[in-house]
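Written out below as structure tokens is the structure these notes cover.
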Amino acid sequence: MTESDIITAVNEVFCEEFEVPLKELTPESQIFDDLGLDSLDVVDLIVALQKKFGVQVRNDERVREVRTLQDLYDLLEVIKREQTSA
Amino acid sequence: MKRAVITGMGVVSPFGYGIGDLTAGLDTKRCSTRYIDQWASLEGLNSKVAAPLDIKPGGKIPRKYRRTMSPMSIFAAHAAEEALQSAGVDRKQVGDNPRFGCIVGHTSGSPQTLYSAYSELIKNGNYNMFAASDFFRTISHTAVLNLAQYLGITGTVMATSAACASGLQAVGAAFDLIRTGRQDMILCGGAEELHKTVTGSFDILFAASTNYNDRPEATPRPFDRDRDGLVCGEGAGILLIEELAHARARGAEIFAEVIGFHTCGNGSHISRSDPEIMQVCMETAVKAAGMNGENIDYVNAHATGTEQGDAAESSALKSIFPEGKTPVSSLKGYIGHTLGASGPIELIASLVMMRKGVIYPTLNLDNVAEDCKGVLHVQQPIEKQIHCFLKNSFAFGGINAALVCRSY
């Protein structure tokens with residue numbers, strides 16, 4: 001997946017699962033404060049991302065450091081690469 | 001004991017959203033049973049009919065609350081909003097009020113989500129794919145927890161779970177909490193959503209209708225000679241039960257007074273109806289209301305169209321009303337069996353009949369079965385003033401419930 005593919009796929013999850021308008025999805029958007037997700041949503045976000053990307057995210061400690069959409073794009077790029085090459 | 005009155009009503013039924021749609025369907029004697037195309041190829045499912053709600057739940061409920069709602073919770077929320085509106089109760093009076101409660105029953109957690117979530121879990125064996133929102137949809141008190149969160153209810157919040165008697169038990173529980181002074185107002189009722197596994201559970205017990213797949217509008221057929229089983233429906237019925245003095249103090253319109261309730265087990269068989277205990281349940285509710293059989297102007301029967309259940313209820317009714325002068329009708333022929341929601345939905349329909357002075361007939365009852373005779377079956381609309389009526393709900397597991405209301 002290219003970086004652009006990852007951004008598109010993550011944004012689709014936010015639009016489809018969490019009804020966030022596409023125009024609000026900027027790289028610097030804070031997932032909690034700007035996009036309105038809460039702790040319960042994060043559990044479902046992880047499940048949705050796992051389905052979308054075919055990877056395991058839930059038990060990855062690095063997910064706790066994610067604050068912005070850019071953080072998420074970057075993490076998924078890394079995880080996708082790690083788990084694809086493994 | 002305090003007195004409990006009904007000051008609000010709301011419905012979602014196979015006819016649509018609101019009491020207006022329900023009444024229009026009943027007035028025009030429409031059967032909402034349909035052939036379900038998606039079930040055509042399901043092996044072993046012989047019943048291919050159901051009474052679905054064609055209009056899917058709207059997006060009016062904010063996502064924060066809707067995210068954990070399966071259709072049954074959405075139905076309950078819409079019905080509750082209608083109930084509050086009809087009661088003239090503002091949302092601000094509901095939230096953060098320890099004297100305002102909520103009791104809603106249904107057969108199980110969301111069957112749609114149970115099926116989808118567990119299918120995936122069993123297939124993949126991967127718990128990492130189980131969504132948090134799925135848990136709140138599948139939990140056994142999903143409708144009431146979602147409704148209570150949506151409305152910010154901090155009074156008594158409970159779920160009743162007794163299959164097809166769940167909703168009427170919820171109303172009965174609310175009645176008791178109001179009478180004993182524990183709460184001032186309670187939203188109560190039942191909710192249910194359609195799924196192939198629900199119809200399938202009745203089908204394997206030979207309780208679902210299977211002979212009318214090519215003529216869905218002819219089934220179910222409560223009390224009829226050619227009845228062959230029930231048809232599952234979906235929806236919600238929610239009532240606002242209020243302490244009388246509280247209702248009068250705020251100038252509320254009072255639709256009726258709840259005056260008697262009883263629920264009991266049959267202790268004899270898990271799936272076979274017991275007419276003697278049904279009779280005991282009805283008589284106890286009527287007696288608790290300070291009434292006797294002669295005071296009952298109408299019985300809204302549970303009768304779902306099953307061979308054994310309809311005969312048992314008829315037998316019990318014959319014993320209570322030996323002269324056969326009390327009109328009896330079932331509404332399952334219009335809206336199918338909405339299971340845990342059926343008691344409250346049909347209770348509300350009975351309150352509509354009370355207001356209109358008309359008794360809706362049993363749809364699809366063309367020839368009264370021999371084993372259902374001896375009861376005054378309503379086969380055409382009857383104009384009649386209803387001052388006092390009895391509502392029955394009977395459930396698998398031998399659970400019976402009966403509620404008595406009178407005009408106020």
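The values are calculated or read from the model by the stated rules, or taken from the named source; none is laboratory data. Since the model is a prediction, treat every value here as computed from it, not as a measurement. Neighbour counts are summed over all protein chains in view; Cβ atoms, including those assigned to glycine, are modelled from backbone coordinates with ideal geometry. For accessibility, only protein heavy atoms count, side chains too; no ligands or nucleic acids. Shrake-Rupley method; radii C 1.70, N 1.55, O 1.52, S 1.80 Å.
On the full set of protein chains, 1.4 Å probe, figure out the accessible area of A:GLU65 and give it in Å² to the nearest 10.
Its accessible surface works out to 130 Å², give or take rounding.
Can you show me the helix-derived [θ] at 222 nm for chain B, built from DSSP H runs with n ≥ 4 at -39,500 (n - 2.57) apiece and divided by the number of residues, rounded to the nearest 500.
-10000 deg cm²/dmol
Does region B:260-406 come out rounded, prolate or oblate by the C-alpha gyration tensor, with a ≥ b ≥ c the root eigenvalues, rounded set by a/c under 1.5 and, if not, prolate when a/b is larger than b/c and oblate if not?
Working: a/c = 1.36, a/b = 1.17, b/c = 1.17.
It comes out rounded by the Cα gyration axes.
Would you mind giving the total buried accessible surface between chains A and B, with a 1.4 Å probe and ligands, DNA and RNA left out, rounded to the nearest 100 Å²?
Separately minus together, A and B give about 1200 Å² buried.
Just to be sure I understand the rule: take each whole DSSP H helix in chain A, project its Cα atoms onto its long axis, keep it if the span is 15 Å or more and its mean Kyte-Doolittle hydropathy is at least 0.0. Which ones pass?
A:3-18, A:39-53
Region B:257-290 to region A:27-76: how many Å between their Cα centroids?
54 Å
Under a crude label model (7 Å from the Cα following the beta-carbon direction), how far is A:GLN30 from B:TYR408 in nanometres?
Distance between label points: 4.9 nm.
Have a look at B:TYR360, B:TYR118, B:TYR17 and tell me which one the Gaussian network model of chain B (Cα, springs below 10 Å) gives the largest fluctuation.
B:TYR118
Can you find, among B:ALA301, B:MET1, B:LEU168, the residue sitting farthest towards the positive end of the charge dipole of chain B, where Lys and Arg contribute +1 and Asp and Glu -1 at Cβ?
It is B:MET1, whose Cα lies furthest towards the positive end.
Roll a 1.4 Å probe over the protein chains and send me the accessible area per residue for the protein assembly as shown in Å².
40 Å²
Considering only protein heavy atoms and a probe of 1.4 Å, how much of the accessible area of the protein assembly as shown is carbon and sulfur, as a whole percent?
Details: 9900 of 19990 Å².
Reported share for carbon and sulfur atoms: 50 percent.
Residues of region A:20-42 losing 20 Å² or more of accessible surface, assembly versus chain alone, probe 1.4 Å, please list them.
Hits at the 20 Å² cut-off: A:ASP38, A:LEU40, A:ASP41.
Starting from the residue with the highest accessible area, list B:ARG250, B:ARG67 in decreasing order, probe 1.4 Å. Can you show the working numbers first?
Working: B:ARG250 70, B:ARG67 40 Å².
Descending order: B:ARG250, B:ARG67.
A drop of at least 40 square angstrom in accessible area, chain alone versus all protein chains together, probe 1.4 Å. Which residues of region B:57-95 meet that?
B:ARG63, B:ARG67
Quick one: check the C-alpha center-to-center distance for region B:206-228 versus region B:104-123, whole angstrom.
Taking the Cα centre of each part, region B:206-228 and region B:104-123 sit 27 Å apart.
Just the accessible area for B:ARG215, please: 1.4 Å probe, Å², rounded to the nearest 10?
120 Å²
About its Cα centre, how strong a charge dipole does region B:1-51 have in debye, to the nearest 20, once Lys and Arg get +1 and Asp and Glu get -1 at the Cβ? Before the final figure, lay out the partial values.
Values: 6 positive and 4 negative charges, 68 e Å.
The dipole of region B:1-51 has a size of about 320 debye.
Could you tell me the calculated FRET efficiency between A:ALA9 and B:THR197, based on Cβ-Cβ distance and R0 = 45 angstrom, to the nearest 0.05? It would help to have the intermediate numbers written out before the result.
Working: r = 32 Å, r/R0 = 0.72.
The computed FRET efficiency comes out at 0.90.
What residues of region B:107-129 lose no less than 40 Å² of accessible area with every protein chain in place versus their chain by itself (probe 1.4 Å, heavy atoms only)?
B:ASN128, B:MET129
Where the only charges are on Cβ atoms (+1 Lys, Arg; -1 Asp, Glu), what is the dipole of chain B about its Cα centre, to the nearest 20 debye?
Details: 37 positive and 40 negative charges, 224 e Å.
Using only the charged Cβ atoms, the result is roughly 1080 debye.
What FRET efficiency would be calculated for the residue pair A:GLN70, B:GLU323, taking the C-beta separation as r and a Förster radius of 60 Å, to the nearest 0.05?
Once the sixth-power term is evaluated, E becomes 0.15.
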